[in-house]
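A quick write-up on the structure given underneath.
The values are calculated or read from the model by the stated rules, or taken from the named source; none is laboratory data. What you see is a predicted model; the values in this text were computed from it and never measured. As a convention, Cβ positions derive from the backbone with ideal geometry for all residues, glycine included, and neighbour counts pool all protein chains shown.
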Amino acid sequence: MTTQGARAILGPQSSVESAFVADLATRAEVPVVSFSATSPSVSASAAPFFARAALSDAAQAGAIAALATYFGWRRVVPVYQDDDYGAAFVPYLVDALTAARAEVPYRCALPVGASRDAVAAAMYRLESEQTRAFVVHTRPGLAELVFAAAAEAGMMAKGYAWVITDGLTGLLGSIDPPQGIIGLAPHAPATPRLRDVRRRWARRFMREHRDADPAQAEMGCYALWAYDAAWAVASAAERLGPGDLSSPQGLVGGKSGPTDFSGLGKSSSGEKFLAAITNTTFDGLSGRFELVNGELAVPAFRVVNIMDNTKDRTLGFWTSKDGLHRKLGGGASASNSGLAPVIWPAESTVVPIGWVQPTSGRKLRVAMPGFVDPGYRPIMHLYVDPATNRTVAGGFVVEVFEAAVRLLPYALPFEYVLVGSMPYDSLVEKVGSGDFDAAVADITITANRSQHVDFTLPYMTSGIAMVVPMRDQRSNRAWVFLKPLRYDLWLVSFVFLIFTGFVVWAVEHRVNREFRGPPSYQIGTLLYFGFSTLYFAHNKELKSNLSRFVVVVWVFVVLILQSSYTASLTSMLTVPQLEPAIGDYASLWHGAGRVGIMNNSFMRASMTRSGFPQSRLVPYRATQSFHEALLNGTIGAVVDEAPYLRLFLKAYCDNFTKTAQTNKTGGFGFAFPKGSPYVADLSRAILNLTESDEMSAIESKWFGDAEGCAAQGSQFTSDSLSFSSFWGLFLITGATSLLCCVVHLVTFLVVQRRWIQELASASHLPWKDRFRMFLKRFDNKDLSSHTFRTKDGGGGSVAGRSANDAGASPAGVAHIAAGSPLSVSNHTYDMSEWSLGTPSPAPAAAGEVELAAGGQAEEVDVAPDPDGISDQIGAGHQAGN
């Protein structure tokens, strides 16, 4: 830079060299373009004048994580070169694997100059561990030692998986990798230009190196990047032109010799040259050349399967956008997703699961609580047979665990370890610290416990519930006769009684003497008739067919209501009416009674956190203790998880009941140390077990019928009948009554239409007076009805003579005083000549007797016009004339 006047630097090859040169170039503002420095430790963010024309190693971390997810590897061990090239890549790989839910249990770091024996010792150590999926990220020389040592240790056998990064895949001709490993390589589109360059390069290489292996003449990714980097620098120089790259030669402002880095000057064309390089884009041999923030844009990675003679077979492609696909640009169809079948080491076609049991053969140490109350033995029990010194385990939890283990795709040897009586929180902590490999018990999954261990999916759902004593409500019987019907049905029935009585009165009172009389008498008749239908004791003779139809429908409704009421009341008086002594958690909270909980359970902490007074909590160990405490009143309720209460009710069903759950819990799960690979497999096995009939069979075996308590008949209640059960009947009777009432009113209006027209024309009268006249008219006897005609056939009675009264004027209407609730006197008028415009005749004596046509005397009950309404209408007409 100082003596030769370098305007840009192409290279160097290693990441360590690139870091050093990039630092100097940044001080001198001379662009450095590297085609082989792939370590993430060197970047444009740290050295602004550094441009990477190769892919950073960090770019392939996502592809490796996608492979782990695709093949189901939950443990992956990186084997890397312990220098800047390898160590800088591992953090990115670990982050990507962690995001893909794959664990990195340990890392195998090999020194740069590691001997064959050191590498072999590292491989034997890996072979003794559980992980069987490895990622190799080293230089070619060290990679050859790794694969040779792995083959000698038997790690190239069936069940192993090996992945190499693009740094090795691009140099397959320089190493001899074993068959069956997977490699990643940047995808370079097969263009005619690329084929031509590769052909010419191979011809030239073999001409200069006649004894070389033809595989070494292949152009790897580094050769393609070097070609594109040189092309980019040359293109940028052409765009700048000679003027921008001319003298002064060297660096400007330097104060010392070429080896004094502190006195370096600066290039006068550095910034322009760097901008020209970073803005250069073209289709190169490796694909689209484009620098984004000084880094080569990440293309697709090709996933290859290494075959014999260092040949590779393309399995598919990976992009950060679409993930793994068999073909690029093939869309997201089912046929294009995933990868082609892989041939694994030892020519196996079975996908390695990524881990196995340790070769030492040690069984999984499964901790189980020792002492279990006999009442909870169906959940689990464990004891050591003194005769055989053999641990015997049983119960629902044990059978579920063993059934799930049988569903695993591999053998999982384990042994139960009896632990002393301890809180489950302490047991979980021991599993998390490595004292045990797992804990199989009725352990509730909680947030606090999940901080120490990993739980499988719950094999039994659970929730916090409450068991309380039952009490018979029949002791309070003073108002039991009201309970068969709910308040809404009582109210609706009363309303319809009044409504039905009113409809019958409205239809009957003009034609039936029994429905006439003073207002108080008619109101009493209306109410008496309505309520007497409840007992079918109505003795009033009905004259109109409309009212008869209304009563027939209403009696049908009453019959159904009466039968339902009788049945419900009988049930309430004879069947025990058992109700919980404490209805819900709120009642328990606000009460003063003590609450029983299971000893060593998480319920104490849970209820204390919710604010429940700790002084009211009483721990017990046995179901029998709960039973005795509930009977003698020591506690008022038992609060625990539903499975335990289910066993309690199975034993003591007749005197107690379980109320609704207050809140759910995480359920029961098996506990394993953090990062255990068994968690995912057992969770999947539990799901398969839950979806099968085997889980139901296990549950029925140990818990019995879920509805067994209800089937024994311990709790009988009779709910009150509500309006919702009978609204259809009330709709029918209501519609019938309303229809008959409307028909009767329409008939009245049609018959009285002339009178109504004359009344409407009397505009000089206030509307209140006219409305009162209309009501009086509606209240009068219907003398044209057959019920008021004589039976002697004379046909000349006053009733008969007044048959045409319906068409007479308002002034000629006879008001029936005795039958009208609106009348105020009892007089008789001679109405034969009474019409509009004619003065009212003089009143006759009360109880005047007229002679009918047949010569017999008949007393006529008519009403006068007490308010002079006829005179008012007549006066109005005369004034108008």
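See the values below:
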{"quantity": "Subset of the range 609-647 that is farther than 10 Å from Gly596 by Cβ and hydrophobic (A, V, I, L, M, F, W, C) - its residue that is surrounded by the most Cβ atoms within 10 Å (Cβ to Cβ)", "calculated": "Leu645"}
{"quantity": "Conditions (1) surrounded by fewer than 18 Cβ atoms within 10 Å (Cβ to Cβ); (2) assigned to a helix (DSSP H, G or I); number of the one not met by Phe147", "calculated": "(1)"}
{"quantity": "In the range 595-608, residue surrounded by the most Cβ atoms within 10 Å (Cβ to Cβ) [restricted to those that are assigned to a loop (DSSP other than H, G, I, E, B) and at negative phi]", "calculated": "Phe602"}
{"quantity": "Residues being within 46 Å of the chain's Cα centre (by Cα) and farther than 20 Å from Ala478 by Cα - total across the range 558-570", "calculated": "4"}
{"quantity": "Checking Ser520 against (1) over 29 Å from Phe748 (Cα atoms); (2) hydroxyl-bearing (Ser, Thr, Tyr); (3) free of Cβ contacts under 8 Å to residues at least 24 places away in the same chain, the condition it does not meet", "calculated": "(1)"}
{"quantity": "Wholly within the range 609-709, strands (runs of 3 or more DSSP E) carrying at least 2 residues that are of a type in the set (Val, Ile, Thr) and farther than 30 Å from Pro105 by Cα", "calculated": "637-641"}
{"quantity": "Meets criteria (at pLDDT below 85, under 30 Å from Leu645 (Cα atoms) and among the β-branched types (Val, Ile, Thr)) for Val372", "calculated": "yes"}
{"quantity": "Options Phe496, Phe515, Phe502: the member that is at pLDDT below 80, at negative phi and either of a type in the set (A, V, I, L, M, F, W, C) or surrounded by 20 or more Cβ atoms within 10 Å (Cβ to Cβ) (or both)", "calculated": "Phe515"}
{"quantity": "Residue within the range 42-60 that is crowded, with 22+ Cβ neighbours inside 10 Å, touching a residue at least 24 places away in the same chain (Cβ under 8 Å) and closer than 24 Å to Glu129 by Cβ present", "calculated": "no"}
{"quantity": "Selection count, the range 161-177, where residues are in a loop (DSSP other than H, G, I, E, B) and either surrounded by fewer than 24 Cβ atoms within 10 Å (Cβ to Cβ) or touching a Phe, Trp or Tyr at 6+ places or on another chain (Cβ under 7 Å) (or both)", "calculated": "5"}
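Residue-by-condition table, conditions (1) buried (at least 18 other Cβ atoms within 10 Å of the Cβ); (2) within 26 Å of Leu687 (Cβ to Cβ):
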{"position": "Arg406", "(1), (2)": "no, yes"}
{"position": "Glu415", "(1), (2)": "no, yes"}
{"position": "Ala439", "(1), (2)": "yes, yes"}
{"position": "Ala447", "(1), (2)": "no, yes"}
{"position": "Gln451", "(1), (2)": "no, yes"}
{"position": "Gly463", "(1), (2)": "no, yes"}
{"position": "Arg471", "(1), (2)": "no, no"}
{"position": "Leu489", "(1), (2)": "yes, no"}
